[in-house]
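**Q** After the structure tokens below, expect a handful of questions from me.
The values are calculated or read from the model by the stated rules, or taken from the named source; none is laboratory data. From a predicted model like this one, the values you see are computed outputs, not experimental measurements. Positions of Cβ are generated from backbone atoms using ideal geometry, with glycine treated the same way; all protein chains shown enter the neighbour counts.
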Amino acid sequence: MSELVKKRLFHGFISMHILHHAKEQPIYGSWMVSELAHHGYQLSYGTLYPILHGLEKEGLLISSSSNVEGKLRKYYSLTPLGDEALVELRNYLKELSDEVMERYHE
């Protein structure tokens, strides 16, 4: 698999994780890097923040800032458009997973 294809898939999986967690509660960068590490993703802030900013620019996330221990922390939450996108992505993921796993077990 080419590195470009891997990068595109990787960004898609990361985006789904972000939308999923932002639906549950507001998220912030360092928490998201740690959470993704639990799933085996080794992600730098230089990779994460452009994804977060892109999702925000597309209207899927909205950000707010809060002072935490003297530092400004940016939190990201899911928008209604982001919630619609997450439902659609989950449906695509389920369909793909069902098809792949069915063929895998044949």
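**Q** Of everything in segment 27-38 that's out of contact with any Leu (no Cβ under 9 Å at 6 or more places or on another chain) and not polar (S, T, N, Q), which residue is surrounded by the fewest Cβ atoms within 10 Å (Cβ to Cβ)?
**A** H38
Conditions (1) on the phi < 0 side of the Ramachandran plot; (2) in contact (Cβ under 8 Å) with a residue 12 or more places away in the chain, marked per residue:
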{"position": "K6", "(1), (2)": "yes, no"}
{"position": "G46", "(1), (2)": "yes, no"}
{"position": "G59", "(1), (2)": "no, yes"}
{"position": "V68", "(1), (2)": "yes, no"}
{"position": "R73", "(1), (2)": "yes, yes"}
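**Q** If you don't mind, there's one more thing I want to ask. Looking at (1) surrounded by 11 or more Cβ atoms within 10 Å (Cβ to Cβ); (2) at pLDDT 95 or above; (3) not in a helix (DSSP H, G or I), find the lone condition where Y41 falls short.
**A** (2)
**Q** Among what's in segment 65-106 and is in a helix (DSSP H, G or I) and aromatic (F, W, Y), pick the residue that is farthest from H21 (Cα to Cα). Don't jump to the end; show me each part of the working.
**A** Kept after step one, since they are in a helix (DSSP H, G or I), are these residues of segment 65-106: 80-104.
Filter once more, so that each one left must be aromatic (F, W, Y): 92, 104.
Numbers: Y92: 18, Y104: 29 Å.
Only one residue tops the list, namely Y104.
**Q** For segment 15-49, which positions are aliphatic (A, V, I, L, M), over 18 Å from L81 (Cα atoms) and touching a helix residue (DSSP H, G or I) at 6+ places or on another chain (Cβ under 7 Å)?
**A** Initial filter on segment 15-49 (aliphatic (A, V, I, L, M)): 16, 18-19, 22, 27, 32-33, 36-37, 43, 48.
Retained after the next criterion (residues that are over 18 Å from L81 (Cα atoms)): 32-33, 36-37, 43, 48.
M32, V33, L36, L43, L48 - these are the residues of segment 15-49 that are aliphatic (A, V, I, L, M), over 18 Å from L81 (Cα atoms) and touching a helix residue (DSSP H, G or I) at 6+ places or on another chain (Cβ under 7 Å).
**Q** Same structure, new question: Out of E84, E56, E69, E88, which single residue is of a type in the set (D, E, K, R) and buried (at least 16 other Cβ atoms within 10 Å of the Cβ)? Lay out the reasoning, then the answer.
**A** Details: E84 fails: buried (at least 16 other Cβ atoms within 10 Å of the Cβ); E69 fails: buried (at least 16 other Cβ atoms within 10 Å of the Cβ); E88 fails: buried (at least 16 other Cβ atoms within 10 Å of the Cβ).
Answer to the selection: E56.
**Q** On to the next question. M32 is checked against (1) over 14 Å from the mean Cα position of the chain (by Cα); (2) modelled with pLDDT of 95 or more; (3) hydrophobic (A, V, I, L, M, F, W, C) and fails just one. What number does that condition carry?
**A** Answer for M32: the failing condition is (1).
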